[in-house]
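Below is one structure, written out as structure tokens, with a few remarks after it.
Nothing in this text is a laboratory measurement; each read-out follows from the coordinates by a stated rule. All of these numbers come straight from a predicted model, not from anything done at the bench. Here the Cβ is made from the backbone with ideal geometry for all residues, glycine too, and neighbour counts use every protein chain on show.
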Amino acid sequence: MSRYNLGRYAIQPLRSGFFPALRQRNPQVLWIGCSDSSEGETAALGLDPGEMIVLRNLGNMIIENDLSCVTMLRYAVDHLDVNHIVVCGHYGCGLVKTASNQGLEDPWSSVLDALRCRHSSDLDRLPSPEQDRYMVLLNVMEQARAIRRDISVANAMQKRDLMIHTLLYDRVHDSVGRVVEVGG
Ligand SMILES: [Zn+2]
């Protein structure tokens, strides 16, 4: 995992078993991953397919007017009563990059443009190999905020133990880390 200065964020390594005792009738995890990632990210945490319901799209994004995203959130939270929502980015992502939005259209591209603009001073300070990795991290945190804004998620978080996890997958080392805010 990253060694560079992450500012207000830190990455804690996760191991298989992070989601314990999930053997229940319904999936307990809503996993939001990227379309160009692999299933290795869930295997690295020891999750069985029956333990999760999976949404994948370009850049693991939650777009509030994307019917597929919204419907999935409501189904998972209101019907399945999942206890965990994971948004998992991955290093080497072909979609979430610092330099351009090649091939992406709105609203996907405008979300990334806004993120780049807002964090340009932090991104500019990083050596270029790390900029794309930091963009992946920033995007994961941004999508977690979008998830919290969803009305079903907000209501559920007030009533029960629903957790949102921000994870990063490193395919080279087959490892998963959790992004946490450390201050600021
Ligand atoms: Zn990707």
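Some observations on this one:
- Taking helices (runs of 4 or more DSSP H) as the structural unit, those lying wholly within the range 31-137 and holding at least 2 residues that are more than 22 Å from residue 180 (Cα to Cα) and within 16 Å of the ligand (Cβ to nearest atom) correspond to 108-118.
- Residue check for residue 158: within 16 Å of the ligand (Cβ to nearest atom), without any contact (Cβ under 8 Å) to a residue 40 or more places away in the chain and surrounded by fewer than 15 Cβ atoms within 10 Å (Cβ to Cβ): no
- Filter result for residue 79 (exposed (fewer than 15 other Cβ atoms within 10 Å of the Cβ) and either farther than 11 Å from residue 29 by Cα or touching a Cys at 6+ places or on another chain (Cβ under 6 Å) (or both)): yes
- Members of the range 25-54 found to be of a type in the set (S, T, N, Q) and either surrounded by 15 or more Cβ atoms within 10 Å (Cβ to Cβ) or over 15 Å from the mean Cα position of the chain (by Cα) (or both), listed by number: 26, 28, 37, 42
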